[in-house]
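Participant: A single structure is presented below for examination.
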Amino acid sequence: EERRYRSASGAPIALRRRQHSASCRELAVRCPRLQLRSLSAATSAVWLAAYGLFVLSENSMVLSAAIFITLIGLIIYLHFVKIDQESLLVIGSLGIQVTSSYASGKESTTFIEMGRVKDVVINEAIHMQKVIYYLCILLQDPGDPQGVSEVVPLFQSSKPRLDCLIEVYKSCQEILEQRKTAPQSS
Amino acid sequence: MVLKVFFPSCCSSAESGILIGRWISEQNSAVILAVVHFPFIPVQVKQYLSEVQRVTKVSVSVLGSWSNSKQEKEESLSEFLEDLGTIFSHEPWIQISKEGDSKFWSCSTLQKHSNSPKEEEIILVYYDQRKVMLSHLHPPSDTATSTDHQADDASELSAIFDTVAKSRILFMTDRYDDGPIKLTHWQSDGVEASIIVELMKQASVPACMLLTFLLSLISGVCRSRVLKFWPLSFLWSKLSTCEQLGHRLQHLQVISSNKKAENQTQLMRKANIFVSLLIDVALGILLMSWLYRKNRIGHLADTLIPVADHVAEELQDLLQWLMGAPAGLKMNRALDQVLGRFFLYHIHLWISYIHLMSPFIEMILWYVGLSACLGLTVALCILSDIIALLTFHIYCFYVYGARLYCLKIYGLSSLWRLFRGKKWNVLRQRVDSCSYDLDQLFIGTLLFTILLFLLPTTALYYLVFTLLRLLVVIVQGLIHLLVDLIDSLPLYSIILRLCRSYRLAAGVKFRVLEQQDGKPLRLLMQINPLSYGSVVQTYRLPTYSCYPKDSWASLCKKLFLGELIYPWKHKGDKQD
């Protein structure tokens, strides 16, 4: 099912939860889409500047260079910067998979095995001028059972607020608890 | 408890039989490698499996039964399959059955010795057997450091990759062989091989032996005593071409060695060196053909002398400017004239030598250009050496200017201490107070004043020549950076990542397939390839890289004090 929330900066985001089986859940957060007005504002600014330069220098290369730069910049932005959806797939006893899909369709995936996951927690952080909450996966330190070797932050580009994070946290913990209650067969 | 079954996607359409694979009890997962079809004799199957186990060191066993029925489920077949569980006792006995063309299979387990019959959830993970077999898993860096006490606590993924990779011998028999066992796996439609690869493997052995013989001859010649006498050995150590040639010789020795590469890293390194050498020589030959085509090298030689002349003339103009009133500063006339004339005489000598050499330049350049066929890196090193030779006079001037300036600074600092009544205590490495005689003080103060007022002139000469020298050093440094780049780039790994990205795996990714209630969870495991940045970082070839010896602070300090700077340090240089 899908519910609407707000991100830390106030933009609307949507959380979709799917339960594939008793020990497998998928949680996807959809980020705010690319706004048409910001895109047209950026393009017009670049082209106005290029036209101003053209009027000053009488060189038509400036205009074609501006078009080229706008196109290349847009492609780079869509392929490397703008994240469309961030999802978390928790498979009990296998691991946690974190996927970010970009606006151009590219997907970047990381899979963390359950043996390396210590816990999933909500942390606070200072971001720019605010304090925000973020969800993160704590990885086990192989040498020290009590220690944490790495912290993997989740949903970094959509930055959901605490209410959304609590839902995700509860879903994850239900599955993570299963591995503690079920004893390992030797 | 959750039971994970890793099923190869190539066996989805296999006929009924029993499943063989490896059972990993710590993670409660079963990796299925192949399906053995009916009819078979259980004793022979067990014999075959123990042989496979002995060769591959992977504990392969019969894990369960697989039934693929085109019609409705047959009761007798299912009873027969259950009875098989008693023959091949394995705990738990996995039964997978597929009806018709349905995507959703039913999977159940039989536990004979379990205490409480709890309902186990089963996860069915499909994997592409050929890709997983050929792939090499690159674990994240933090787990790689603690492998000594984690031998049996290996990550689940690496256990799976390991199992499939080591069971190559299992995939050598297919169902057309006349053995007692008929298997289905990814090669079951006939073993694949490539004629070109086999031919190259056969041809590579004598080629390697020939290459080793040639290389031993060459290295014997290089190590002979004749080349070790003092002037020659000094020359070889200064020329970067010789270092580059030695480096490439080493590479050739690595490739032509007869030992087979033990593990993945060595194999990749050999392949990278081979491809890098090939591309280098190809680019060098391209460059050479371009240079010699329209006698461009003749033109180059013709323009070399005028360029050297032009540089010398520019230097002369610069010195004339310094001897006048440069940038409006007032110089000490006498010292100015002395230094200026001294340097002008040097330039005059240099121009005469160049003109003496000019008839031979074209021939020398022509033969030296031929050595570009040894590789683009060698050609670039030769270019860098030519630049060094042509700007030798700038280097000389820099040394003269630096020494003079350094002497002046030391003199000034020591006399400044005398001026204040102190002395440098060499024994205790500190400044102590000291009482001087009157005549010592008088002469000291006089010398101090003289040196102080002559400082701007010397400092200006030093500044100008240091800047010129730094310019030449930067140009040479850029060329060496390019050479390093060509040397250390792992081209084979990058091409492999581009074309066969499954062979370099950073991890896996799971995709959830269509589900049906009551049936086990179906997942597809795909290989997540390594990013280009980590490919380059992992498989970089080591080079005799040159990198700045000093930090910015110490460089500035050395420049201020007038010490001679050699900013690029090569790995393997003895520290002074």
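The values are calculated or read from the model by the stated rules, or taken from the named source; none is laboratory data. Since we're looking at a predicted model, the values are computed, not measured. Don't worry about glycine lacking a Cβ; one is built from the backbone with ideal geometry, like all the others, and counts go over all protein chains shown. Only protein heavy atoms, including side chains, enter the accessible area calculation; ligands, DNA and RNA are left aside. Shrake-Rupley method; radii C 1.70, N 1.55, O 1.52, S 1.80 Å.
Participant: Taking 7 Å along the Cα-to-C-beta vector as the label spot, tell me the B:Tyr353-B:Glu51 distance in nanometres, rounded to one decimal.
Facilitator: Placing both labels 7 Å beyond Cα along the Cβ direction yields 7.7 nm.
Participant: Let's test the formula: R0 of 60 Å, r as the Cβ-Cβ distance of A:Lys170 and B:Ser257. What FRET efficiency results, to the nearest 0.05?
Facilitator: Working: r = 59 Å, r/R0 = 0.99.
Computed FRET efficiency for A:Lys170 and B:Ser257 comes out at 0.50.
Participant: HN-Hα J couplings of the range B:205-212 from phi, Karplus 6.51/-1.76/1.60, θ = phi - 60°, integer Hz, Gly and Pro as x?
Facilitator: Ordered by residue, 3J(HN,Hα) equals 5, x, 4, 4, 5, 4, 4, 4 Hz.
Participant: Rounded, prolate or oblate: pick one for the range B:294-374, where a ≥ b ≥ c are the square roots of the eigenvalues of its C-alpha gyration tensor, a/c under 1.5 means rounded, and failing that, prolate if a/b is larger than b/c, else oblate. The partial results should precede the final answer.
Facilitator: Values: a/c = 3.96, a/b = 2.93, b/c = 1.35.
Here the range B:294-374 falls in the prolate category.
Participant: So, one more: Using modelled amide H (1.01 Å from N, peptide plane; none on Pro or chain starts), what sits under 5 Å from the amide H of A:Lys118, excluding residues fewer than 5 places away?
Facilitator: Sorted by chain and number, the residues that satisfy this are A:Leu138, A:Leu139, A:Gln140.
Participant: Okay, moving on. Taking a 25 Å limit on the Cα-Cα distance, which of the listed pairs B:Lys330/B:Lys422; B:Lys201/B:Lys270; B:Lys166/B:Lys260 fall beyond it? All intermediate terms of the calculation are to be shown ahead of the outcome.
Facilitator: Numbers: B:Lys330/B:Lys422 33 Å; B:Lys201/B:Lys270 15 Å; B:Lys166/B:Lys260 17 Å.
Where the Cα-Cα span goes over 25 Å, the pairs concerned are B:Lys330/B:Lys422.
Participant: Any chance you could run the full-extension gain for B:Met1 through B:Cys434? It's 0.36 nm times the residue separation minus the Cα-Cα distance, nm to one decimal.
Facilitator: On the way: separation 433, 0.36 × 433 = 155.88 nm, distance 8.74 nm.
Computed gain between B:Met1 and B:Cys434 is 147.1 nm.
Participant: Just the number: Rg to Rh for chain B, Cα atoms, Kirkwood Rh, two decimals. Don't skip to the answer; put the middle values down first.
Facilitator: Numbers: Rg = 37.7 Å, Rh = 31.4 Å.
Radius of gyration relative to Kirkwood radius: 1.20.
Participant: Using the Karplus equation 6.51 cos²θ - 1.76 cosθ + 1.60 (θ = phi - 60°), what ³J(HN,Hα) coupling, rounded to whole Hz, does each residue of the range A:7-13 give in order, writing x for Gly and Pro?
Facilitator: Coupling constants for the range A:7-13: 7, 5, 9, x, 6, x, 10 Hz.
Participant: May I ask which residue of B:Ser240, B:Leu287, B:Thr265 lies farthest towards the positive end of the charge dipole of the range B:195-289, with charges of +1 (Lys, Arg) and -1 (Asp, Glu) on Cβ and the Cα centre as origin?
Facilitator: After comparing all options, I get B:Ser240.
Participant: If you build a Gaussian network model of chain A, linking Cα atoms that sit under 10 Å apart, which residue out of A:Gln19, A:Gln35, A:Gln129 swings the most?
Facilitator: Maximum among the listed residues: A:Gln129.
Participant: Report the accessible surface area buried between chains B and A, summing both sides, using a 1.4 Å probe on protein heavy atoms only, in Å² rounded to the nearest 100. Before the final figure, lay out each step's value.
Facilitator: On the way: alone 34090 and 11620 Å², together 43780 Å².
So the total buried area for this chain pair works out to about 1900 Å².
Participant: So, one more: Non-local amide H neighbours of A:Gly92 (under 5 Å, H modeled in plane, Pro and chain starts lacking H): which ones?
Facilitator: Answer set, sorted by chain and number: A:Cys24, A:Arg25.
Participant: Hey, another quick one. Relative to the Cα centre, what is the charge dipole magnitude of the range B:195-289, using +1 at the beta carbon of each Lys and Arg, -1 at the beta carbon of each Asp and Glu, and rounding to the nearest 20 debye?
Facilitator: Approximately 320 debye in magnitude.
Participant: Looking only at chain B, where both bridge partners belong to it, what percent of the DSSP beta bridges are antiparallel (to the nearest 5)?
Facilitator: Values: 35 of 58 bridges.
Here the antiparallel bridges make up roughly 60 percent for chain B.
Participant: Residue by residue, what Karplus-based ³J(HN,Hα) values in Hz, rounded to whole numbers, does the range B:404-414 have, using 6.51, -1.76 and 1.60 with θ = phi - 60° and x for Gly and Pro?
Facilitator: 4, 5, 4, 4, 5, 5, 5, x, 4, 5, 5
Participant: If amide H atoms are built 1.01 Å from N in the plane of the peptide, which residues on other chains or at least 5 residues away come under 5 Å of the amide H of B:Lys182?
Facilitator: Residues meeting the criterion, in which the H sits 1.01 Å from N, are B:His37.
Participant: Once the dipole of the protein assembly as shown is set up with Lys and Arg at +1 and Asp and Glu at -1 on Cβ about the Cα centre, which of B:His90, B:Cys222, B:Ile443 lies farthest towards its positive end?
Facilitator: Positive-end residue among those listed: B:Ile443.
Participant: Still on this structure, I have one more. Using DSSP to define loop residues, name the trypsin sites (Lys or Arg not before Pro) in the range B:190-297 whose beta-carbon has at most 10 other beta-carbon atoms within 10 Å. Could the numbers behind the result be given before it?
Facilitator: On the way: sites: B:Lys201, B:Arg223, B:Arg225, B:Lys228, B:Lys238, B:Arg248, B:Lys259, B:Lys260, B:Arg269, B:Lys270, B:Arg293, B:Lys294, B:Arg296; in loops: B:Arg223, B:Lys259, B:Lys260, B:Lys294.
Filter output for the range B:190-297: B:Arg223, B:Lys259, B:Lys260, B:Lys294.
Participant: Report the Rg/Rh value for the protein assembly as shown, based on alpha-carbon coordinates and the Kirkwood definition of Rh.
Facilitator: Working: Rg = 37.1 Å, Rh = 33.9 Å.
Ratio value, two decimals: 1.10.
Participant: Measuring from label point to label point, each 7 Å out along Cα→Cβ, what is the A:Tyr51 to A:Ser149 span in nm?
Facilitator: 5.8 nm
Participant: Taking accessible area as the heavy-atom solvent-accessible surface of the protein chains with a 1.4 Å probe, which residues of the range A:75-108 lose no less than 10 Å² upon going from the isolated chain to the full protein assembly?
Facilitator: Residues losing area: A:Leu89, A:Ile91, A:Ser93, A:Leu94, A:Gln97.
Participant: In addition: For the protein assembly as shown, what is the accessible area per residue in Å², given a 1.4 Å probe and the full set of protein chains? Show your work: numbers first, answer last.
Facilitator: Details: 43780 Å² over 762 residues.
Accessible area per residue: 57 Å².
Participant: Additional query: Normalising by the residue count of the range A:17-81, find the relative contact order in percent from Cα pairs under 8 Å and 6+ residues apart.
Facilitator: Relative contact order of the range A:17-81: 19 percent.
Participant: Have a look at A:Leu71, A:Leu89, A:Leu154 and tell me which one the Gaussian network model of chain A (Cα, springs below 10 Å) gives the largest fluctuation.
Facilitator: A:Leu71
Participant: In whole Å, what is the distance between the alpha-carbon centres of the range A:144-161 and the range A:63-110?
Facilitator: That distance is 20 Å.
Participant: Rounded, prolate or oblate for the range A:36-80? Axes are the square roots of the Cα gyration tensor eigenvalues, ordered a ≥ b ≥ c, and the cut-off for rounded is a/c under 1.5. The partial results should precede the final answer.
Facilitator: Numbers: a/c = 4.38, a/b = 1.76, b/c = 2.49.
It is oblate, given that a/c is not under 1.5 and a/b is not larger than b/c.
Participant: At 0.36 nm per residue, and after removing the present C-alpha to C-alpha distance, how many nm does the segment from B:Leu210 to B:Leu278 gain when stretched out fully? All intermediate terms of the calculation are to be shown ahead of the outcome.
Facilitator: Values: separation 68, 0.36 × 68 = 24.48 nm, distance 1.77 nm.
Computed gain between B:Leu210 and B:Leu278 is 22.7 nm.
Participant: Could you tell me how far the Cα centroid of the range B:245-268 sits from the Cα centroid of the range B:377-443, in Å?
Facilitator: Here the two parts' Cα centres lie 47 Å apart.
Participant: Measure nothing fancy, just the Cα-based angle from helix A:61-76's long axis to the longest principal axis of chain A, in degrees from 0 to 90, nearest 10.
Facilitator: 10 degrees
Participant: Could I have the simple spin-label model distance between A:Ile67 and A:Ile122, label points 7 Å from Cα toward Cβ, reported in nm to one decimal?
Facilitator: The modelled label-to-label distance comes out at 5.1 nm.
Participant: Next question, about the same structure. So what's the gap between the Cα centers of the range B:470-520 and the range B:339-358, to the nearest angstrom?
Facilitator: If you average the Cα positions of each part, the centres end up 52 Å apart.
Participant: Is the C-alpha gyration tensor of the range B:430-480 telling us rounded, prolate or oblate? Criteria: a/c under 1.5 is rounded; beyond that, a/b larger than b/c is prolate, otherwise oblate. Don't skip to the answer; put the middle values down first.
Facilitator: Values: a/c = 7.91, a/b = 2.57, b/c = 3.08.
Oblate, since a/c reaches 1.5 and b/c is not below a/b.
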